[in-house]
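Following: one structure in structure tokens, then a few remarks.
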Amino acid sequence: MYPGSGVTSRAQYQMAQQVQQNQIVTPQKLQELVKQIDENEHLDPDVASFLIEMAEEFVDNVTTFACNLAQHRKGDSLEVKDLQLHLERNWNIRIPGFHESASTAKKTSIPDTHKQRMDLVNKSQNAKR
């Protein structure tokens with residue numbers, strides 16, 4: 001037990017384990033990723049901490065924005081299309097397997113009558129020159 005803290009080292013260990021379980025990327029998983037690229041490379045603890053923090057912020061940002069989109073469309077649950085819209089529009093990230101089925105940007109179709117009128121306007125403008 002640490003003086004004045006009221007917390008035993010076992011309790012601190014359990015709290016650290018719980019925090020690590022709630023992390024999206026753990027230091028061990030990050031080191032495994034680095035080892036896949038270069039087996040001789042080892043991340044500095046400060047760099048690993050920074051990368052983990054950035055990953056947490058990214059996920060928090062994406063989920064918050066996607067929840068706002070779900071609220072905006074009057075939905076009561078978060079759907080893939082909410083995440084997909086934010087990731088594609090703001091981060092240029094496509095979700096494999098979902099990009100083909102749900103189009104996020106609908107192209108407006110121009111009626112043929114409008115095209116014909118525009119052609120006539122362009123021809124008359126060119127004839128005046």
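The values are calculated or read from the model by the stated rules, or taken from the named source; none is laboratory data. All values reported here derive from a predicted model rather than from experimental measurement. Note that each Cβ is placed from the backbone with ideal geometry, even for glycine, and that neighbours are counted across all protein chains shown. SASA here: full protein model, heavy atoms, side chains in, ligands and nucleic acids out. Shrake-Rupley method; radii C 1.70, N 1.55, O 1.52, S 1.80 Å.
Considering (1) open to solvent by 80 Å² or more (accessible area, probe 1.4 Å); (2) modelled with pLDDT of 90 or more, the lone condition that Ala127 does not fulfil carries the number (2). Is there a residue in the range 84-91 that is open to solvent by 80 Å² or more (accessible area, probe 1.4 Å), more than 30 Å from Ile24 (Cβ to Cβ), among the charged types (D, E, K, R) and at pLDDT 90 or above? There is no residue in the range 84-91 that is open to solvent by 80 Å² or more (accessible area, probe 1.4 Å), more than 30 Å from Ile24 (Cβ to Cβ), among the charged types (D, E, K, R) and at pLDDT 90 or above. Looking only at residues in the range 32-52 that are under 22 Å from the mean Cα position of the chain (by Cα) and open to solvent by less than 100 Å² (accessible area, probe 1.4 Å), the one that is farthest from Lys81 (Cα to Cα) is Val47.
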